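Here's the structure, in structure tokens; my notes come after.
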Amino acid sequence: MAQTESVTRPPASARPSGIRTSLGEKIFSFLNYTLFVFLALITIFPFLNLLAKSMSGEAAVVSGKVTLYPIDFQLGTYLYVMKDDMFLNSLKVSVMVTVIGTALALFMTALAAYPLSKPRLRGRKGFILMYIFTMLFSGGLVPTYLLMQNLHLVNKMPVLFLPAMISVFNMLIIKNYFESLPDSLEESAKLDGASNLAILFRITVPLSMPVFATIALFYAVHFWNDFFTSMIYINDPKLKPMQLYLKELLVSSSDSFLQENKNPDSALNATPQSIQAASILLATIPIVVVYPFLQKYFVKGVLVGSVKE
């Protein structure tokens, strides 16, 4: 028995041991971590500075003493911003444009990507080239404005999301993802009498949730951050989204801002810089809240949708 164990058990020298890293690899890893930590601090610094300014007193902000931590801590700035009718209205407009625009953009992008993912489509390569051409060359600002004007969309909410219904880059990612799905699923559905639309929305789309979550995040961030479209087409203050409100807030005169917007019944211990900082931070909360729920799909959706098997 002892002899059998000595034969079957490998000697200690032949047993696998832990992988040893060389000194050069350790130095390389240390430099990598140091670089990434440094880049992370650079990225976080502006947000910490804004947070500190939004919670600091008027004297500390004006004197330039605020860096990464609040001085003369106060939350009156946030209470003031959240009671501002213009801020609340712009927030409502941005939420509506982001939700409606993202939903419609996903719908239209899926409708465009599905037929282009089928090799049996006649003229498929020509249609793809036409889409790619529009991605590289646009019609220009003036023709686009004249088109929106002729469609009676200027100064109306749909103009904030209709021109961006289909992003060719996003459509190509979804198309490549559709091509990676097995054809046997579609063939089985057709044998059961399913139409193309039924196959798309009952089989293809549910199987493509990772890439749709990724593209939804792309569209949502675009609609939420877009201020140029509203700056060109919107003049009505009631239709101005959050980013246009912030843009006008940041470029407005610091001396006259509080005089025009401050509530005379409240003694606000803040400066225009504090109000700007608080407004910017509050405007980032929706995206910051939504992103963690979609993060797990982000890398998977982009990688699988961008690589054709």
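Results, tabulated for the structure shown:
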read-out	value
Footprinting exposure proxy for T284, T271, T34 (fewest neighbouring C-beta atoms within 10 Å first)	T34, T284, T271
Cα Rg over Rh - segment 84-306, Kirkwood	1.07
log10 of Debye I(q)/I(0), alpha-carbon scatterers only, for segment 139-244 at 0.10, 0.14 Å⁻¹	-0.45, -0.72
Computed log₁₀ I(q)/I(0) - Debye formula, equal Cα scatterers, no solvent, segment 77-211, q 0.18 Å⁻¹	-1.08
Label zone at I285 (point 7 Å along Cα-to-Cβ), backbone N below 17 Å, segment 54-71	54-56
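Bear in mind these aren't lab numbers, they're just calculated from the coordinates by the rules spelled out. Owing to the predicted nature of the structure, the values given are computational and were not obtained by experimental measurement. Reconstructed Cβ throughout: ideal geometry from the backbone, glycine too, with neighbour counts over all protein chains shown.
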